[in-house]
Amino acid sequence: MNLTLLDWESGSGEIEILNPSTFRYLRCPAKPCPGRTPAMDAVPFQTVETASAFEFKTSYLEIRVRKIDGGLMVKSYRGVQLLDEVVPAGARPKGLYFATQSPATERLYGLGPRSEEQLDLRGQTMRTSRPLLISTTGYGLWFTATTSFQFDLARTVPDRTIVSAPFPDRLEFFFHYGPSPKEILEENYAVAGWSFAPVMAHTGLVAESAVPKFATKVDAAAPLAWLGHASMSGVLIGAAPRTSALSDLLPLICGEGPASPERRALRPYLYTYFTEAQERGIPMFRPMAMQYPKDPVAAARTGQFMLGDELLVAAAKEVYLPQGQWTDLRTGQLHAGKQAVPVADAPGLPLFLKNGTILPWERTDGTIELHYFPRLGAEFFISEPGHQQLTQVHASPAADIVRLEIESLVDRRYEWILHHVSNATAIEPAGTPFRYDEARQLLHVPVSAKAKGDAIVNLTLASPLEEQ
């Protein structure tokens, strides 16, 4: 049984362990505390009752509920303190009330879409009816009462987050251990998510009258800021008006006329991330704070964003590149990470890709270019409409040998394009065609793949990757 009923001197409650990373906590001043029907799937956990507390342990969490007041404390399996509730002495405020310690280094995100540029909510007070709060300490809280919540995010008391609501006179929330925002959102989606069905048409331009019900319309005045807050609040798909060329790199676009060449070429990429949003609950539009939460410089940058895991989109004249080696897809220029660089004035939309990634890029004839950025190994799984399984592409470098593999679900022409490499001196299978663009250091290898086959190419480079 996943549910444990709790009883202490001043009230009662319950803990429901939903999985090793998520639990539901309920507390009431009255006895008994009306709860919920427990989940059916058994979850292994340990429980101990001491003289002062109820203690629970999963493979990821250590949970402690104090008997004196029902106060909650949570640590990670590594012993890192995640949450430490502060219960006021004496009579509690009426209605829902919850307060926890907030260390000075903690950043806070979520609580619904808004148009403010600053993504970190620390130091603010706000009211919301979308009470999902994400902390960089490594957890998320989702409050379940249908009401308007007031969040005081270390404003009144600099080291404390306080959540209150006028009713009901009980506290209930889900606790999600991350440790990153993406993992927290995935945990929350498993509890609060819904089913929707993306189709390939959503990767193009969608008439406003045809926007699917699962998409939330974006504030046209500040679409990037709005989408940043929305994504951190669990909004998976935002439907934005086509107000500029950059709009074509947002998840779902309302507009007329042809899509940009980049939008058209990204169809397999976008469809793959539509299906990931459906299956895992991770938004397609990812502010830097979501993709790089441990890099405070990246997290503060709101003039750029990630579209999926691979594409960094620059929306300003300067872009900050996190750790790694980054390539400007338009110019081919390579930049070292952990620095800000000017965005080149070049044709096309400003897209940057990190080393160790593969980008599928569809030509108008249906051929999919597989842009690979060494030196690290990489893989990409392409969602195919009408198929449950995925097309898989892998690149594995070792010194001067690069192994390229395609497991395609359909008959299709592909072309590997390796960036920043030397020419090939040998290729297997023998006779496989290839060509080298010396000016841009691009190695092109066309491949015709059969459905459910395995197309493997091994290249020997003139210069080992570690020497380039």
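Listed here are the strands (runs of 3 or more DSSP E) enclosed by the range 1-78 that have at least 2 residues being closer than 25 Å to Pro179 by Cβ and in contact with a strand residue (DSSP E or B) (Cβ under 9 Å, 6 or more places away or on another chain): 11-19, 22-28, 46-49, 53-57, 61-66, 72-76. Of all residues in the range 73-91, those satisfying the criterion of being crowded, with 17+ Cβ neighbours inside 10 Å and touching a residue at least 60 places away in the same chain (Cβ under 8 Å) are Val74, Ser76, Leu82, Leu83.
Remark: pairs (first residue in the range 235-251, over 20 Å from Gly303 (Cβ atoms); second residue of a type in the set (D, E, K, R); Cβ separation under 8 Å; 6+ apart in sequence or on different chains) = Ala239/Lys217.
From (1) among the β-branched types (Val, Ile, Thr); (2) touching a strand residue (DSSP E or B) at 6+ places or on another chain (Cβ under 9 Å); (3) assigned to a loop (DSSP other than H, G, I, E, B), pick out the condition that doesn't hold for Thr364. Thr364 satisfies all of (1) among the β-branched types (Val, Ile, Thr); (2) touching a strand residue (DSSP E or B) at 6+ places or on another chain (Cβ under 9 Å); (3) assigned to a loop (DSSP other than H, G, I, E, B) except (2).
Those residues that are touching a Phe, Trp or Tyr at 6+ places or on another chain (Cβ under 7 Å), of a type in the set (A, V, I, L, M), modelled with pLDDT under 95 and part of a helix (DSSP H, G or I), I need them from the range 201-232; list them, please. If the condition is that a residue be touching a Phe, Trp or Tyr at 6+ places or on another chain (Cβ under 7 Å), of a type in the set (A, V, I, L, M), modelled with pLDDT under 95 and part of a helix (DSSP H, G or I), then Leu224 is the only one that fits. Considering the conditions (1) farther than 18 Å from Pro287 by Cβ; (2) out of contact with any Ser or Thr (no Cβ under 9 Å at 6 or more places or on another chain), Leu121 is excluded by exactly one of them, (1).
Those residues that are in contact with a strand residue (DSSP E or B) (Cβ under 6 Å, 6 or more places away or on another chain) and either within 22 Å of Ser76 (Cα to Cα) or not assigned by TED's automatic domain parsing to the domain that holds Tyr97 (or both), I need them from the range 136-158; list them, please. Matches in the range 136-158: Thr137, Gly138, Tyr139, Gly140, Leu141, Trp142, Phe143.
Restricting Ala265, Ala314 to residues that are at pLDDT 95 or above, surrounded by fewer than 23 Cβ atoms within 10 Å (Cβ to Cβ), touching a strand residue (DSSP E or B) at 6+ places or on another chain (Cβ under 8 Å) and small (Gly, Ala, Ser) narrows the list to Ala265. Against the condition assigned to a loop (DSSP other than H, G, I, E, B) and within 21 Å of the chain's Cα centre (by Cα), how does Leu119 come out, does it pass? Taking the combined requirement at face value, the residue satisfies it.
From the list Glu62, Glu9, the one residue that fits, being in the same structural domain as Thr144 (by TED's automatic domain parsing) and at pLDDT 95 or above, is Glu62.
Check whether at least one residue in the range 116-138 is in contact with a His (Cβ under 6 Å, 6 or more places away or on another chain) and in contact (Cβ under 8 Å) with a residue 40 or more places away in the chain, and report yes or no. No: zero hits. Residue-level analysis places His394 outside the set of residues that are touching a residue at least 40 places away in the same chain (Cβ under 8 Å), surrounded by 17 or more Cβ atoms within 10 Å (Cβ to Cβ) and under 27 Å from the mean Cα position of the chain (by Cα).
In the condition set (1) in a loop (DSSP other than H, G, I, E, B); (2) surrounded by 13 or more Cβ atoms within 10 Å (Cβ to Cβ), Tyr109 is compliant with all but (1).
Quick check, is Gln333 over 22 Å from the mean Cα position of the chain (by Cα), at pLDDT 95 or above and not charged (D, E, K, R)? Criteria met by Gln333. Checking Leu205, Leu224 one by one, the residue that is in the same structural domain as Ile282 (by TED's automatic domain parsing), without any contact (Cβ under 8 Å) to a residue 60 or more places away in the chain and at negative phi is Leu205 and no other.
At least 3 residues being farther than 18 Å from Ile406 by Cβ is the threshold, and among the strands (runs of 3 or more DSSP E) wholly inside the range 422-468 those reaching it are 435-437. Out of contact with any Pro (no Cβ under 7 Å at 6 or more places or on another chain) and surrounded by fewer than 19 Cβ atoms within 10 Å (Cβ to Cβ), is that true of Thr327? Answer is no for this residue. Restricting the range 184-200 to residues that are small (Gly, Ala, Ser) and assigned to a helix (DSSP H, G or I), the residue that is surrounded by the most Cβ atoms within 10 Å (Cβ to Cβ) is Ala190. Please work out if Thr161 is among the polar types (S, T, N, Q), closer than 26 Å to Ala104 by Cα and either in the same structural domain as Ser231 (by TED's automatic domain parsing) or outside any strand (DSSP E or B) (or both). Spelling it out, it is not the case that Thr161 is among the polar types (S, T, N, Q), closer than 26 Å to Ala104 by Cα and either in the same structural domain as Ser231 (by TED's automatic domain parsing) or outside any strand (DSSP E or B) (or both).
Can you name the residue in the range 417-468 that is hydroxyl-bearing (Ser, Thr, Tyr) and closer than 20 Å to Asn355 by Cβ and, of all such residues, is nearest to the chain's Cα centre (by Cα)? Steps first, answer last, please.
Taking the range 417-468 and keeping what is hydroxyl-bearing (Ser, Thr, Tyr), we get 422, 425, 432, 436, 448, 460, 463.
Narrowing the set further to residues that are closer than 20 Å to Asn355 by Cβ leaves 422, 436, 463.
Values: Ser422: 35, Tyr436: 36, Ser463: 37 Å.
Checked the range 417-468; the qualifying residue nearest to the chain's Cα centre (by Cα) is Ser422.
Of everything in the range 372-398 that is part of a strand (DSSP E or B) and in contact with a helix residue (DSSP H, G or I) (Cβ under 6 Å, 6 or more places away or on another chain), the residue that is farthest from Asp328 (Cα to Cα) is Ser383. Residue check: Pro251 meets all listed conditions (1) surrounded by 18 or more Cβ atoms within 10 Å (Cβ to Cβ); (2) at pLDDT 95 or above; (3) closer than 23 Å to Glu384 by Cβ but one, namely (2).
The values are calculated or read from the model by the stated rules, or taken from the named source; none is laboratory data. The structure displayed is predicted, hence computed values, not measured ones. Positions of Cβ are backbone-derived with ideal geometry, glycine not excepted, and every protein chain shown enters the neighbour counts.
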